[in-house]
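Computed from the coordinates by the stated procedures, all read-outs in this text should not be read as laboratory data. In this text the structure is predicted, and so the values were computed from the model without any measurement. Here Cβ is always computed from backbone atoms with ideal geometry, including for glycine, and neighbour counts include all displayed protein chains.
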Amino acid sequence: MACKPITDQQVRLYMTDLQTHSQRTAAARAGFSERTARRFDADPTLPSNRKIAHGRTVTGLCCTNPMRDSSRESSVVAGLHEQTYIPRLQDQELARVQ
């Protein structure tokens, strides 16, 4: 659950308290969760120096190929869908008529 952003002062307090206290206690004294403390243990970069991630986090799903045309792709997919399901639709229409 996201509340307030962690400040540099909180991280500095956590790092100094970590020398004499447990991770849980140091995190509580700094004012954030134990999970957040583990994140700062893995990457001790101060929040003001971190790059803010914007946009999609999944790579490879964005249109990186400039030659791709999503409208063309959608029409191709729609055409393939129609080719695949026409016999079923005809069977259903015949069943309704009979």
Other residues with Cβ under 15 Å from the Cβ of A30 give, with Lys and Arg +1 and Asp and Glu -1, a net charge of +3
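Report the net charge of residues surrounding D41, where surrounding means a beta-carbon distance below 11 angstrom and charges are Lys +1, Arg +1, Asp -1, Glu -1. Before the final figure, lay out the partial values.
Values: positive: R35, R38, R39; negative: E34, D43.
Residues close to D41 contribute a combined charge of +1.
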